[in-house]
Structures are given as C-alpha cells and as structure tokens.
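To start, the structure under review is shown below, and the notes come after it.
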Amino acid sequence: MPTHLHTIVEEHYFALQLKRIIPDAERADEFMDGARWVLARDPTAGYQVSESVWFLPMADSPETLAVNLYYTFNETYVYFLAIELAP
C-alpha cells in the first residue's frame, strides 16, 4: 500500500456525468467519498481495462444505484475521467 495519499482530480466530463446521474450535489459528494478514500490510498484497487485506464465498480446499495468509475493515475494524482450507470 502506498505511503502517501494521492490527490483526487475530477475531470470536467466526469463532473458532468455525475451531475446527470446524481443531481443533488451533497448526495453525489457523499456517494463519491468512498471511492475517493480508497483510490487516494491505493489507485490499483480497481480493475485495469487498458494500459492507463482503470475502473472501480460502485454501488449505493444492493437494491439501488450501481455505477462504474473510470480513472487513471500517476505517482501524485488520481484523475476521475468518467462515471456511468452499470449495465
């Protein structure tokens, strides 16, 4: 596990998609807190889908919202690229 925290950067496209999926800003922020916590500590916690893109499946609860978060990272930052409803 890394010894430092990565800084999370939410790209513009990600922010637009998140707002479409969860219009309430406070609820969206609360929903994303878990992913921020995990990925700031260990960006390899998700699944690698290409050379530089990873995804993290997320669920609000088993009965409700399920989404996939796409991101990339380097030594310092984790960039949230996109978020979409899971199929």
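What follows draws every value from the coordinates through simple rules; no lab data is involved. Every value quoted in this text rests on a predicted model; they were computed, and no experiment measured them. Note that we place each Cβ from the backbone using ideal geometry, even for glycine, and neighbour counts take in every protein chain shown.
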Subject >> Residue (of Ser50, Thr7, Asn68) at the positive-pole extreme of the range 7-85, dipole from beta-carbon charges >> reply: Ser50
Original post:
Give me the Kirkwood hydrodynamic radius of the chain in Å, from all C-alpha pairs, to one decimal place?
Top reply: 13.1
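Set the Förster distance to 22 Å, then compute FRET efficiency between Thr44 and Ala82 from the Cβ-Cβ distance, nearest 0.05. Show your work: numbers first, answer last.
Numbers: r = 19 Å, r/R0 = 0.85.
The value I calculate is 0.75.
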